[in-house]
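To keep things clear, I will list the structure first and then write my remarks on it.
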Amino acid sequence: MAATYVIGEIGVNHNGSFDLAREMIFAISQTGIDAVKFQLAQPSELVSRWAPKASYQIENEGKADESQLEMASRLALSRDDILSLKAFSSDCGLDFLCTPFDMNSLRWLLSIGLKAIKLSSGDLVNVQMLEYLSKARIPVIMSTGMAEFAEVAFALDILVRGGLPLDLITILQCTTAYPTYHDEVNLNAMVTIAQQLGVAVG
């Protein structure tokens, strides 16, 4: 059995602060886990200026009059930030992973030599991104939180038909609820995914 690979999810929990992101990387490096993961997006390409914040976002941080686009822009790190954090992660003995949320971000992340690409569940039906990733020949880790099983199988099929070896793909069972309650975790889904799709899971 392969060793378990543990990822410290930072996402946008740095609140848009480069210094806080560095502090989080260092703290994670003291735990003995393998990697940290961030997100990269161009908010104006991802979010409509009319989209409101979700209720849990308002509950967590207030700012009810702030739009989803304004919040995403406030939380976004620059490419220069990402490069510096990648280097700092390496200095701390951690792999650096990142989820792209648009094609330009994906292309750029591939150009800086990441060890793997983390794909969000919202992009399991993004054929352009999947086909591009299938040619990249690096490991792909896919979330499934907002996807039905058929969409997971669809994404896997595109990656494999595009030439990405099955052993470079990992599918994660995810629950899109913040916080996730114990009775909603459904870790048994990993067994179903592994048995029916023949792929590594987490």
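Data overview
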{"read-out": "With DNA, RNA and ligands ignored, accessible area of Val6 (1.4 Å probe; Å², nearest 10)", "value": "60 Å²"}
{"read-out": "Gain upon complete extension [Tyr132, Arg107; 0.36 nm per residue less C-alpha separation]", "value": "8.1 nm"}
{"read-out": "Accessible-area order (highest first, 1.4 angstrom probe) of the listed residues Lys86, Lys37", "value": "Lys86, Lys37"}
{"read-out": "Heavy-atom accessible area order for Ser120, Ser44, largest first, 1.4 Å probe", "value": "Ser44, Ser120"}
{"read-out": "Cα centre as origin, Lys/Arg/Asp/Glu Cβ charges: the chain dipole, Debye", "value": "560 debye"}
{"read-out": "Proximal lysine pairs, the chain, alpha carbons under 12 Å, eight or more residues apart or interchain", "value": "5"}
{"read-out": "Amide hydrogen neighbours beyond the local backbone of Cys98, cut-off 5 Å, H modeled", "value": "Phe38, Lys118"}
{"read-out": "Accessible-area composition of the chain, carbon plus sulfur, in percent [1.4 Å probe]", "value": "53 percent"}
{"read-out": "Label assignment, mean projected area of the Cα convex hull in nm² derived from the structure, set [x] 11.8; [y] 11.0; [z] 12.6", "value": "[x]"}
{"read-out": "Interchain or long-range residues, amide H under 5 Å from Ile171's placed H", "value": "Met142, Ala200, Val201, Gly202"}
{"read-out": "Probe 1.4 Å, accessible area per residue of the chain, Å²", "value": "54 Å²"}
{"read-out": "Peptides 184-192, 163-171 ordered by average Cβ neighbours within 10 Å, highest first", "value": "163-171, 184-192"}
{"read-out": "In Å², nearest 10: area of Lys135 left accessible to a 1.4 Å probe", "value": "130 Å²"}
{"read-out": "Low-density loop positions, chymotrypsin sites (Phe, Trp or Tyr not before Pro), segment 17-125 - DSSP coil, at most 15 other Cβ in 10 Å", "value": "Trp50"}
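The values are calculated or read from the model by the stated rules, or taken from the named source; none is laboratory data. None of the values given here were measured: they were computed from a predicted structure. Neighbour counts run over all protein chains shown; Cβ positions are idealised from the backbone, glycine included. Only protein heavy atoms, including side chains, enter the accessible area calculation; ligands, DNA and RNA are left aside. Shrake-Rupley method; radii C 1.70, N 1.55, O 1.52, S 1.80 Å.
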